[in-house]
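Please read the structure below before turning to the comments.
The values are calculated or read from the model by the stated rules, or taken from the named source; none is laboratory data. All values derive from a computational prediction rather than experimental measurement. Here the Cβ positions follow ideal geometry from the backbone for every residue, glycine too, while neighbour counts run over all protein chains shown.
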Amino acid sequence: MQQLPPDRDGYRLLLKQLAALSPPLFVMGGFAEDALLHHRITRQHGDLDVLIVRSQLNQRLQQLKPLGFAEFEVYVPIAGCVRDDSQLWGDAGQ
């Protein structure tokens, strides 16, 4: 889980850096809810959840390291899921 800075400028910087990645990441969780429902950051978030295609895992790990994500926990979908996606959590600044 990444501990994000409490200020909105820190959130904006991180989201801007993530938006520059290619191919694009799929943002989930609280940040996605803020974007879709409120069109702004409404509160402090304790983490940032992203969904990635499993075949891009190594590429994503390399892209996220310079952004401060040191270590990751990868969660795979439940058995029987037909999609080939994974959730990725990382710790920054550790």
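Checked against the criterion of being among the charged types (D, E, K, R), more than 10 Å from the chain's Cα centre (by Cα) and surrounded by 11 or more Cβ atoms within 10 Å (Cβ to Cβ), the candidates Asp34, Asp47 yield just one match: Asp34.
As a summary of the residue check, Ser86 satisfies the conditions (1) surrounded by 14 or more Cβ atoms within 10 Å (Cβ to Cβ); (2) at pLDDT 75 or above; (3) of a type in the set (Ser, Thr, Tyr) except for the one numbered (2).
The residues of the range 1-13 that are of a type outside the set (Asp, Glu) and modelled with pLDDT under 85, listed by number, are Met1, Gln2, Gln3, Leu4, Pro5, Pro6, Arg8, Gly10, Tyr11, Arg12.
Pairing residues of the range 18-31 that are free of Cβ contacts under 8 Å to residues at least 40 places away in the same chain with residues that are charged (D, E, K, R) and in a helix (DSSP H, G or I), at Cβ distances under 9 Å and at least 6 apart in sequence or on separate chains, gives Leu25/Arg60. Just so you know, in the range 54-71 the residues that are surrounded by fewer than 17 Cβ atoms within 10 Å (Cβ to Cβ) and hydrophobic (A, V, I, L, M, F, W, C) include one that is modelled with the lowest pLDDT, and it is Ala70. Among the residues examined, Gln94 does not qualify as out of contact with any helix residue (DSSP H, G or I) (no Cβ under 9 Å at 6 or more places or on another chain) and either at pLDDT 80 or above or at positive phi (or both). Answer yes if at least one residue in the range 37-53 is modelled with pLDDT of 85 or more and of a type in the set (A, V, I, L, M, F, W, C), and no otherwise. Yes, the range 37-53 has at least one match. Contact map, the range 48-62: residues that are under 16 Å from Ala20 (Cα atoms) and without any contact (Cβ under 8 Å) to a residue 40 or more places away in the chain paired with residues that are of a type in the set (Gly, Ala, Ser) and surrounded by 15 or more Cβ atoms within 10 Å (Cβ to Cβ), Cβ distance under 6 Å, separation 6+ or inter-chain. Pairs shown: Ile52/Ser86.
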